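Asks: This is the structure, below, for whatever I ask next.
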Amino acid sequence: MKTHAGKNSVRFYKTSESMNISAVHGENVAHGFPRHAHDVYCIGYVHQGSRIIRKNGISTVIPDGDLFVLNPGEAHECSSLNGAHSYSVICTGADVMDALSSQISGKDSYTSYFRDLPIHDNSLKTLFLRFFQVMKDSPSILERDEALLALLSTLVLHHSINGPELKNTGLHDDAMIRVREFITENYARDLSLKQLSGIACLSPFYFQRIFLETTGVSPHDYLVQQRIRKAKDFLVAGSSLAQVAQDTGFADQSHFTRRFKRLTGITPGAFCRSIRQF
């Protein structure tokens, strides 16, 4: 996200329909926040400038390009260093994080705790920025859920104190076949990660992991591939672009065109013209 000098703004987002997640993005914020605590985990990233977090009597500078995590109930103060800074923060309840940790570990009860400030992790940074981009650009519940789960699971696995260990889930070929068949038959629906993992009889974390290992693509990418395959059939049959976009589950014609070009290298219109020329 780019910032604009002199422009101050703060935006709040409800980011997931299937998980209780919210987010905030602030640009050029100079306001200092007095001592307070949240009842959720706060996972943040500094885009520009530097953020100062004071907790337990210690002040830590979070420079641009770094992440930070605040645990529920952790009293702290926040301010900008040398003027304003721009940041994004994801807020997730302890129930969401604990459930994910339990999915990963296979234990009924597992609480994550994060200590390091700041967090230097380029892979986690990439997942954080991708999540915000998906949240901004994609209407797909499945794509949003995938991006969020990838971010949170990486955070828990690599940065929580005494983080959970991956359990051995074994083979699930039949489950993956069931899910692929379901996606193929229901390509026009707005599917969710919870729905697909339920069909596989796996937790969302292990379902997403095993599906990727089995097919080489994420569940959402597989869904889009099925939609584009059907879209080609409809276009060959003479359906309009707007009708094809609607019939294959895309939010609108523009969204359909972007996805079609990304997978095929040409626009749907160019695809239609190539058919007529042939």
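The values are calculated or read from the model by the stated rules, or taken from the named source; none is laboratory data. This one's a predicted model, so the numbers in the text were calculated from it and none came from an experiment. Note that we place each Cβ from the backbone using ideal geometry, even for glycine, and neighbour counts take in every protein chain shown.
Asks: Which residues, counting only those in the range 185-217, are surrounded by 14 or more Cβ atoms within 10 Å (Cβ to Cβ) and among the β-branched types (Val, Ile, Thr)?
Replies: Listed by number, the residues that qualify are Ile199, Ile210, Thr214, Thr215.
Asks: Being in contact with a Gly (Cβ under 9 Å, 6 or more places away or on another chain) and on the phi > 0 side of the Ramachandran plot is the filter; apply it to the range 57-87 and report the residue that is surrounded by the most Cβ atoms within 10 Å (Cβ to Cβ).
Replies: The extreme case among them is Gly83.
Asks: Can you name the residue in the range 220-260 that is touching a Lys or Arg at 6+ places or on another chain (Cβ under 7 Å) and of a type in the set (Val, Ile, Thr) and is also nearest to Val134 (Cα to Cα) among such residues?
Replies: It comes out as Val224.
Asks: Now a separate question. Only one of these conditions is not met by Ile52: (1) surrounded by 18 or more Cβ atoms within 10 Å (Cβ to Cβ); (2) at pLDDT 95 or above. Which number is it?
Replies: (1)
Asks: Considering only the range 72-115, state which residues are among the polar types (S, T, N, Q), in contact with a helix residue (DSSP H, G or I) (Cβ under 9 Å, 6 or more places away or on another chain) and closer than 14 Å to Ser160 by Cα.
Replies: Scanning the range 72-115 gives Ser101, Thr111, Ser112.
Asks: Out of Phe114, Phe128, Phe132, report the one residue that is at pLDDT 95 or above and crowded, with 18+ Cβ neighbours inside 10 Å.
Replies: Going through Phe114, Phe128, Phe132 in turn, the sole match is Phe128.
Asks: Something else now. Taking the condition within 27 Å of Asp98 (Cα to Cα), under 25 Å from the mean Cα position of the chain (by Cα) and in contact (Cβ under 8 Å) with a residue 60 or more places away in the chain, does Ile43 pass?
Replies: Taking the combined requirement at face value, the residue satisfies it.
Asks: Can you name the condition, by its number, that Leu263 falls short on among (1) touching a Lys or Arg at 6+ places or on another chain (Cβ under 9 Å); (2) closer than 19 Å to Leu142 by Cα?
Replies: Status for Leu263: all satisfied but (1).
Asks: Filter the strands (runs of 3 or more DSSP E) completely within the range 49-120 down to those with at least 3 residues that are touching a residue at least 60 places away in the same chain (Cβ under 8 Å).
Replies: Ranges flagged: 85-93.
Asks: Kindly indicate whether any position in the range 240-252 is touching a Pro at 6+ places or on another chain (Cβ under 6 Å), touching a residue at least 12 places away in the same chain (Cβ under 8 Å), crowded, with 16+ Cβ neighbours inside 10 Å and assigned to a helix (DSSP H, G or I).
Replies: Applying the first criterion (touching a Pro at 6+ places or on another chain (Cβ under 6 Å)) to the range 240-252 yields 241, 251.
After this cut, where a residue has to be touching a residue at least 12 places away in the same chain (Cβ under 8 Å) as well, the list is 241, 251.
Okay, now just the ones that are also crowded, with 16+ Cβ neighbours inside 10 Å, so 241.
Retained after the next criterion (residues that are assigned to a helix (DSSP H, G or I)): 241.
Yes, the range 240-252 has at least one match.
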